[in-house]
Every structure is written in C-alpha cells, then in structure tokens.
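K.L.:
My questions will all concern the structure given below.
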Amino acid sequence: MANQTTAKTKVAEPAQPASMMPVIAPAVGWLIPGSGHIIQKRWIRGALLLISIGTLFVLGLLMQGHIYRANAGDILEMLGFIGNLGGGALYLAALAMGWGTAVVSNAVADYGKMFIIVAGLLNFIAVADAYHIAVGKKP
Amino acid sequence: MTIQLTHFSAASVFALFASIVFGITHRETTRDMIRYGLYCFAMFLGGALVAGWAMWLVRR
C-alpha cells in the first residue's frame, strides 16, 4: 500500500521544471532577428544573425525594394507579404515609416524587393533554430 | 538615400549574408557551421557565374 502511494507520487512529479523559453525565444527572435539566440546566451550566433538579416533588409530598402502589405489579391503579393512579415520589427518599422512604397521598375529595385523577402524568410529559419536550441535539440 | 549595386555585387552581398545564416542554422558545431557557410557561399557565387555564362552562350 505504501509502495503504491510512493509510486503515484513519483509519477505525478515532473522530471524538469517547465520553461517558457521554447515560447519566448522564437517570439523574441521573430521580433528582433538573432535575439532568440542572444537570450539563450548564444552571443556570437545571435549577433551574426542580427547583422546578416538586418543588413539584407536595410540594403533592400536602400535599393528601393517594395514592401508588401496584407492583401487578399494576387497570390504572389500574398507570398511577398509572408516573406516580408518574417522581418519582424524591421517590417513593422518599414510599414510605420511608409518605406518601400515607391513604384520603381529597374533591376536594382527588383533585387531590393528580393533582399527584403529573403531577409524575412531567413529570419523564419533563425526562429526555428532558436526553438530547437530552447527545446534542447541543438547545442 | 538610395544605393545602386551591380548585378555581381548584389549577388555577392546576398550570398555572403544568406551563407552566414545557413551555416549557423543548419549545422551544430562551430567548425561545421564555418565549413557549411563557406560551401554555401561558393555554391551561390559559383551558381551565379555558371548561370551567367550559360545565358551568354544561349544568347550567341
């Protein structure tokens, strides 16, 4: 009888204390690229991600790349919006400041648009990586 | 303020930063990250050069 009670007590106890890091790291990492790694003390990785994604996004804007807004029209525009959304705070800042609205049709502006979309998509990958670190799948 | 990059410089900048992110996110050890980043950079730039020459040949 005593053994049964002890066994039940052991089953009820969690193996490790619950951590919010698997939720916080991806959320913060999406908002500010690389910060999901930085809050988990992966300083160099986080800094490199911030510099890489941030520079791609800013260069895209300087090349007069287009910023997509939420829309329900053309499928390509919706995909562009999803890519842009990955930029997190960079995208929100660009929207708030009205950047990327000029209609410029040259090769460099087209590259700029792609730079911005790819920066957002790379940030999605960085967010997934921050999650994997948080759950212990990656060192 | 705007900047104008050439096709090759835009491809180089893109390759550099995309390779850094790929290296960090796709490998586990520091050594493997650097090696994979360099591999991606070479593939990006090499692919751009090969595609450029292929288009030059097609045009002829």
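K.L.:
Over every pair of different alpha-carbon atoms in segment A:84-139, take the mean of 1/r and invert it; report that Kirkwood radius in Å.
P.N.:
On the way: mean 1/r = 0.0782 Å⁻¹.
Taking every pair of different Cα atoms in segment A:84-139, averaging 1/r and inverting gives 12.8 Å.
K.L.:
Further, regarding this structure: Could you work out the relative contact order of segment B:8-59? I mean the mean sequence separation of Cα pairs under 8 Å and 6+ apart, divided by the number of residues, in percent.
P.N.:
36 percent
K.L.:
Calculate one ³J(HN,Hα) per residue across segment A:93-101 by plugging θ = phi - 60° into the Karplus curve 6.51 cos²θ - 1.76 cosθ + 1.60, and present them in order as whole Hz with x for glycine and proline.
P.N.:
Here the 3J(HN,Hα) series is 5, 4, 5, 5, 8, x, 7, x, 9 Hz.
K.L.:
How big is the protein assembly as shown by Rg and Dmax over its Cα atoms, in Å?
P.N.:
Rg and Dmax of the protein assembly as shown, Cα atoms, are 21.4, 90 Å.
K.L.:
Extension gain residue A:97-residue A:41, at 0.36 nm per residue separation less the Cα-Cα distance, in nm?
P.N.:
Values: separation 56, 0.36 × 56 = 20.16 nm, distance 3.21 nm.
Result: 17.0 nm gained on full extension.
K.L.:
What FRET efficiency would be calculated for the residue pair residue A:27, residue B:6, taking the C-beta separation as r and a Förster radius of 35 Å, to the nearest 0.05? All intermediate terms of the calculation are to be shown ahead of the outcome.
P.N.:
On the way: r = 38 Å, r/R0 = 1.09.
Efficiency at R0 = 35 Å is approximately 0.35.
K.L.:
Further question on the same structure: Run the numbers for residue A:69 and residue A:137: contour at 0.36 nm per residue of separation, minus the present Cα-Cα distance, in nm. Before the final figure, lay out each step's value.
P.N.:
Details: separation 68, 0.36 × 68 = 24.48 nm, distance 3.48 nm.
Contour length minus Cα-Cα distance gives 21.0 nm.
K.L.:
Moving on to the next point. For each of B:28, A:77, count neighbouring Cβ atoms within 10 Å of the residue's Cβ, then give the residues from fewest to most.
P.N.:
Placing the least packed residue first, the sequence is B:28, A:77.
K.L.:
Only helical DSSP H runs with n ≥ 4 go in: add -39500 (n - 2.57) per run for chain B, normalise by residue count and round the 222 nm mean residue ellipticity to 500 deg cm²/dmol.
P.N.:
On the way: 2 runs with 50 residues, N = 60.
My calculation for chain B gives -29500 deg cm²/dmol from helical runs alone.
K.L.:
While we're looking at this one, here's another question. Please tell me the relative contact order of chain A in percent, rounded to the nearest whole number, where contacts are Cα pairs under 8 Å and at least six residues apart. The partial results should precede the final answer.
P.N.:
Values: 195 pairs, mean separation 44.8, N = 139.
This gives 32 percent for chain A.
K.L.:
Can I ask one more? When the helices in chain A are scored as -39500 (n - 2.57) per DSSP H run of 4 or longer and the sum is shared across all residues, what 222 nm value do you end up with, to the nearest 500 deg cm²/dmol?
P.N.:
On the way: 7 runs with 94 residues, N = 139.
When only DSSP H runs of four or more count, the value is -21500 deg cm²/dmol.
K.L.:
If Rh is defined by the Kirkwood formula over all Cα pairs and Rg also comes from Cα, what ratio Rg/Rh do you get for segment A:48-116? Don't skip to the answer; put the middle values down first.
P.N.:
On the way: Rg = 11.3 Å, Rh = 12.0 Å.
My calculation puts Rg/Rh at 0.95.
K.L.:
Next up: Whole angstrom only: what separates the Cα centroid of segment A:69-104 from the Cα centroid of segment B:45-60?
P.N.:
32 Å
K.L.:
Calculate the mean, over all residues of peptide A:80-92, of how many other protein chain Cβ atoms lie within 10 angstrom of the residue's Cβ.
P.N.:
Details: counts 0, 0, 0, 0, 0, 0, 0, 0, 0, 0, 0, 0, 0.
Other-chain Cβ atoms within 10 Å of each residue's Cβ, averaged: 0.
K.L.:
In terms of the ratio Rg/(2.2 N^0.38 Å) built on C-alpha atoms, what value belongs to segment B:8-59? Write out the running numbers ahead of the final one.
P.N.:
Working: Rg = 13.0 Å, N = 52, 2.2 N^0.38 = 9.9 Å.
My calculation over the Cα atoms of segment B:8-59 gives 1.31.
K.L.:
Order these by the 10 Å Cβ neighbour count, fewest first: A:124, B:14.
P.N.:
On the way: A:124 18, B:14 22.
Lowest count first: A:124, B:14.
No lab work stands behind these numbers, since they all come straight from the coordinates. Predicted model only: the values in this text are computed from it and were never measured. Heads up, the Cβs are rebuilt from the backbone with ideal geometry, glycines too, and the neighbour counts pull from every protein chain shown.
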